[in-house]
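Heads up: the structure comes next, in structure tokens.
Derivation of every value follows stated rules applied to the coordinates shown; laboratory data play no part. Worth saying up front: this structure is predicted, and the values here are computed from it rather than measured. For neighbour counting, all protein chains shown are included, and Cβ atoms are generated from backbone atoms with ideal geometry for every residue, glycine included.
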Ligand SMILES: NC(=O)c1ccc[n+]([C@@H]2O[C@H](COP(=O)([O-])OP(=O)(O)OC[C@H]3O[C@@H](n4cnc5c(N)ncnc54)[C@H](OP(=O)(O)O)[C@@H]3O)[C@@H](O)[C@H]2O)c1
């Protein structure tokens, strides 16, 4: 006679093995700039995949690579064991995952939310998923399209330890070492903390670059000294050429998304009693970049906004 504990162990083992060999089917919802290369990596690793995107044209490369395509989100969710979300924001998640029709299909499935949203939103979505009979973990990422293509995203996981371990093999297709940060909400908070740095570091660098140029300092000399100093951050060199060329086309991360994340950060930082004036200043410069019609262009357009002078 087999005991309950033995049965539970066998079920867990079978589950872990099937995850290890990646036989479970994934519904990928949201194949935009980041979602498409992430879904392509899963396909390349032979993870069975069904994909949905609001704009169906963006699914063509996945279809060509052998993915199943769903016309509606609920069709993708009900066909899968696990659902990965790479959507813009919480509104999109409610629309795609938690509409009446979709939420009826969530029961028994694990939802992995990988977009950038606030800790409060993430917890609210977890509660809705759990109420619908599903499991929810958050796994926001640092890195952009090149890292998504190469499977080198830095993945921060907010989940219970068992949930983290159960989904680790799947997540390793997208990033080498997904890190368990803590409960749901903590990984979203960490992601916002890092994106605050993207906005602040880029605007600080852009201002110093503009200042050096207008005072006739050779940019090569400016960069040479900066690179030697403790002030240097690799992102400066990543964005330098775009700034020098005033070329913000074909973005990995558009200005409008940095605005979204900066607003999230300010809201959540205020809620925990921090002084947010420095990032609010950066937010004003981002608003100018948006007005200059850089919303869908690279966020290093902060440089163009800074060069436009004080408004
Ligand atoms: N780009 C980066 O470098 C980067 C890096 C790390 C994290 N992130 C985060 O990852 C998430 C996705 O970013 P992304 O760069 O891939 O953005 P994106 O190219 O704009 O893709 C957004 C996705 O969300 C879908 N969507 C938006 N609103 C929707 C709605 N109301 N209903 C249904 N679908 C909706 C879009 O569908 P359509 O195709 O129909 O518009 C698209 O699939 C964001 O939270 C972003 O902040 C981005």
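Annotations
- The C-alpha atoms of the chain define a longest principal axis, and helix 4-20 lies at about 50 degrees to it.
- Derived from the Cα gyration tensor, the three semi-axes of the equivalent ellipsoid of region 189-307 are 24, 17, 12 Å, largest first.
- Label-to-label distance, residue 65 versus residue 267, with points set 7 angstrom from Cα along the beta-carbon direction: 3.2 nm.
- Order of 298, 218 under a 10 Å beta carbon neighbour criterion, fewest first: 218, 298
- Descending semi-axes in Å of region 230-297, equivalent ellipsoid built from Cα gyration tensor: 24, 16, 10
- Order of 161, 229 under a 10 Å beta carbon neighbour criterion, fewest first: 229, 161
- A viscosity of 0.692 mPa s and a temperature of 37 °C, combined with the Kirkwood radius over Cα pairs in Stokes-Einstein, give a translational diffusion coefficient for the chain of 157 µm²/s.
- Kirkwood analysis of the Cα pair distances in region 122-251 returns a hydrodynamic radius of 17.3 Å.
- Computed label-point distance, nm, for sites residue 79 and residue 307 using a 7 Å Cα→Cβ extension: 4.8 nm
- For region 76-150, the square roots a ≥ b ≥ c of the C-alpha gyration tensor eigenvalues yield an a/c of 1.5 or more together with a/b exceeding b/c, which makes the shape prolate.
- Packing-based ranking, highest mean first, of 281-289, 24-32 given that Cβ atoms within 10 Å are counted: 24-32, 281-289
- Region 4-183 - Debye-derived log10 I(q)/I(0), Cα point model, q = 0.09, 0.12, 0.17 Å⁻¹: -0.28, -0.50, -1.06
- Separation of region 204-236 and region 79-150, taken as the distance between their Cα centroids, equals 40 angstrom.
- Value of [θ]222 nm, deg cm²/dmol, for the chain, DSSP H segments ≥ 4, -39500 (n - 2.57) each, nearest 500: -16000 deg cm²/dmol
- Fully extending the segment from residue 293 to residue 193 would add 33.4 nm, taking 0.36 nm per residue of separation and subtracting the current Cα-Cα distance.
- For region 87-241, share of DSSP beta bridges that run antiparallel, in % to the nearest 5: 30 percent
- DSSP bridge orientation in the chain - percent antiparallel, rounded to nearest 5: 15 percent
- Once both labels are positioned 7 Å from their Cα atoms along Cα-to-Cβ, the gap between residue 217 and residue 25 label points is 5.9 nm.
- For region 31-168, the relative contact order comes to 20 percent (Cα pairs under 8 Å, sequence separation of at least 6).
- Burial ordering of 253, 205, 211, fewest other beta-carbon atoms within 10 Å first: 211, 253, 205
- All distinct Cα pairs of region 181-237 go into the 1/r average, and the inverse of that average, the Kirkwood radius, is 13.1 Å.
- Cα-based helix-to-principal-axis angle, 161-171 vs the chain, degrees rounded to 10: 70 degrees
- Between the alpha-carbon centres of region 252-311 and region 171-193 there is a gap of 24 Å.
- One chain, two ends: residue 107 and residue 45. Fully extended at 0.36 nm per residue, the span grows by 19.7 nm beyond their Cα-Cα distance.
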